[in-house]
Structures are given as structure tokens and as C-alpha cells.
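Data block below; observations after.
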Amino acid sequence: MLRSRIEKLINESGYKKAFIADKLGITYKQLRNYEIGRSLIPFDKAYELADLLGVGIDELYERKKE
């Protein structure tokens, strides 16, 4: 199971969520779904987001122990 770290990373970046959603070509609602783990971000968008935030793609999620 994976736990999204996207919201934490975005908050730490100082970028506004609307700016990030626009850069990724997605809606704010879809970005929110990625943040809360309602849906997983597609690989192409994950690489774009990781680059934008200055992190590795593997930092967007962490393993959640059952």
C-alpha cells in the first residue's frame, strides 16, 4: 500500500496548488485526488511533478505498512 506525500511536498515547495495543476495540465480537483491518495498519479505526470518540486519520483509516495 502506498501513502501519498504529494500534499506535503507541494506545501514545502511554496508553489500554489493552482499553479502546479496548471503546469501538469490537470484540474485542481484531480491534483487533490493525487494528494489524498484517492487516485494514483500517472507516470508521465509524476515525473513532471517530481521535476517541478525538485524531488525524485520515488519521494512522491511512501510505503504504508499494513
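Every number in this text was worked out from the coordinates using simple rules, so none of it is lab data. Quick caveat: nothing in here was measured; it's all calculated off a predicted structure. Note that each Cβ is placed from the backbone with ideal geometry, even for glycine, and that neighbours are counted across all protein chains shown.
Give, rounded to the nearest 20 debye, the magnitude of the charge dipole that segment 2-63 has about its Cα centre when Lys and Arg contribute +1 at Cβ and Asp and Glu contribute -1 at Cβ. Write down the numbers at each step before the final one.
Values: 11 positive and 10 negative charges, 68 e Å.
Roughly 320 debye, rounded to the nearest 20.
Per DSSP H run of at least 4 residues, take -39500 (n - 2.57); add these up for the chain, divide by its residues and hand me the 222 nm value, nearest 500 deg cm²/dmol. Spell out each step's value before the answer.
Numbers: 4 runs with 36 residues, N = 66.
Calculated from helices alone, the mean residue ellipticity at 222 nm is -15500 deg cm²/dmol.
Using the structure shown, list the pairs from K17/K45; K23/K64; K23/K45 with a Cα-Cα distance above 18 Å, or answer none. Could you put the intermediate results ahead of the total?
Values: K17/K45 14 Å; K23/K64 28 Å; K23/K45 10 Å.
Result: K23/K64 exceed 18 Å.
Skipping prolines and chain starts, which residues have an amide H placed within reach, meaning under 5 Å, of the one on Y61, given they are 5 or more residues away or on another chain?
Correct list: R5.
Loop only by DSSP, 12 or fewer other Cβ within 10 Å of the Cβ. Give me the trypsin sites (Lys or Arg not before Pro) in the chain that pass, ordered by residue number. It would help to have the intermediate numbers written out before the result.
Working: sites: R3, R5, K8, K16, K17, K23, K29, R32, R38, K45, R63, K64, K65; in loops: R5, K16, R38, K64, K65.
Filter output for the chain: K16, R38, K64, K65.
List the chymotrypsin sites (Phe, Trp or Tyr not before Pro) in the chain that DSSP assigns to loop (not H, G, I, E or B) and whose Cβ has at most 16 other Cβ atoms within 10 Å. Which are they?
Values: sites: Y15, F19, Y28, Y34, F43, Y47, Y61; in loops: Y15.
Filter output for the chain: Y15.
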